[in-house]
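**Q** I'd like to ask you about the structure that follows.
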Amino acid sequence: MIAKFTNYQELSAFGADKIIQLVQQKPDAVLCLAGGDTPALTYDRVVAKAQEAGVDFSGVIFIGLDEWVGIQPSTPGGCYYFLQQKIFGPLHIQKDKIYFFDAMANDLKADCNRIDLAIEQQGGLDLALVGIGMNGHIGFNEPGVDAALNAHVVELDEVTTAVGQKYFASGAALAKGITLGMAQIMSAREVVLVASGPKKAAIIREAIQGRITNTIPASLLMAHPRVSILLDAAAATELD
Ligand code: F6R
C-alpha cells in the first residue's frame, strides 16, 4: 500500500496510529523502529497517544534497527540515543525489553549474533518502521547489499557518511554501521516505510517504480506482502 499525505504531520499521525493499534491488539508486540529525522514526529505522536489513551507499552519488545559503529549510547545523534529520547524514556521502557546493537563492542560479529538470536527468541518482528536513505538504504543495508543477510557490520556508503553528519553537532567519525539485514526486515510481519520532503522524491520514485534490485535496497520492500509506504506530498512529487 502506498499512501500519500498532504503533509508530514498527517503522515506522522497515521504512522503513530499504526503503532498504537498494533500495541493495543498485541501488548507484547516486537517492534523495530528506525532512528533518523523522518520518524521523529511519529514517535512524539506515539508517546502522546499512548499517554492520552492509556496504552500500555510495558510488554512491548524493542529491537534496534541499526547503529553507527563507535558511537556510544550516550552520544546525541546516535540511533540509541535518539530512540531513548523519543520512545524508551518517555514510555518508561524497561532495559530488559530493549535489544539494541552495542556499537562499542570489541566483537561486533558476536553482537550481531546476539541480536539475531534475540529476534528468533522473540518470534520475529511484528512491525519494522524504517526510513529511506538518499541512496535507497534501509537501516544500514547499503546499495549492493546481500539481501539474504541477517545482522551484519557494514562499510558505510559515502552518501551515508556524508548525510549522517546532520545528526551530530560536531564532526563524527562515521565509517561503519551495524544493522539488521534485509532478510530480517523482509521477515517482519509488517513493514512501514516513511519518507518526507523533496530530497526523497527521486529515490522514492526509483524504489517504488523502478526495478526490484539490491542496488536500491528500499526497492526490495516492494516484494513484501504487507508493506505500507507513507509519503508526504513533497516526497511523492516524482511518482507517476
Ligand atoms: C536510521 C536508519 C536510516 C534512516 C535513513 C533516513 O536508524 O536506519 O536508514 O532511516 O537514513 O534518514 P532520515 O529519516 O534522517 O532522512
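The values are calculated or read from the model by the stated rules, or taken from the named source; none is laboratory data. Here the structure is a predicted model, which is why all the values come from computation and not from measurement. Methodologically, a virtual Cβ is constructed for each residue, glycine included, from the backbone with ideal geometry; neighbour enumeration extends over all protein chains shown. Note: accessible area is taken over every heavy atom of the protein model, side chains too, but ligands, DNA and RNA are not part of it. Shrake-Rupley method; radii C 1.70, N 1.55, O 1.52, S 1.80 Å.
**Q** Mind checking whether some residue in the range 203-215 is under 17 Å from VAL130 (Cα atoms), polar (S, T, N, Q) and under 16 Å from the mean Cα position of the chain (by Cα)?
**A** Within the range 203-215, none of the residues are under 17 Å from VAL130 (Cα atoms), polar (S, T, N, Q) and under 16 Å from the mean Cα position of the chain (by Cα).
**Q** Right, another one. Looking only at the range 95-104, which residues are closer than 23 Å to GLN121 by Cα and either at pLDDT below 95 or open to solvent by 40 Å² or more (accessible area, probe 1.4 Å) (or both)?
**A** Listed by number, the residues that qualify are LYS95, ASP96, LYS97, TYR99, ASP102.
**Q** Sticking with this one: In this structure, is ARG226 open to solvent by 70 Å² or more (accessible area, probe 1.4 Å) and touching a strand residue (DSSP E or B) at 6+ places or on another chain (Cβ under 6 Å)?
**A** Criteria met by ARG226.
**Q** Filter the range 129-139 for residues that are closer than 25 Å to LEU22 by Cα and within 8 Å of the ligand (Cβ to nearest atom); which is nearest to the chain's Cα centre (by Cα)?
**A** The extreme case among them is VAL130.
**Q** Has the range 172-194 got any residue that is without any contact (Cβ under 8 Å) to a residue 60 or more places away in the chain and either more than 18 Å from the chain's Cα centre (by Cα) or over 18 Å from THR215 (Cα atoms) (or both)?
**A** No: the range 172-194 contains no residue that is without any contact (Cβ under 8 Å) to a residue 60 or more places away in the chain and either more than 18 Å from the chain's Cα centre (by Cα) or over 18 Å from THR215 (Cα atoms) (or both).
**Q** Check whether at least one residue in the range 170-188 is touching a Pro at 6+ places or on another chain (Cβ under 7 Å) and among the aliphatic types (A, V, I, L, M), and report yes or no.
**A** Taking every residue of the range 170-188 in turn, at least one turns out to be touching a Pro at 6+ places or on another chain (Cβ under 7 Å) and among the aliphatic types (A, V, I, L, M).
**Q** Oh, and also: Could you list, ordered by first residue, the pairs with Cβ atoms under 6 Å in which the first is in the range 129-144 and touching a residue at least 40 places away in the same chain (Cβ under 8 Å) and at negative phi and the second is acidic (Asp, Glu) and more than 6 Å from the ligand (Cβ to nearest atom), at least 6 apart or interchain?
**A** Close Cβ pairs satisfying both conditions: ASN135/ASP157; GLU142/ASP157.
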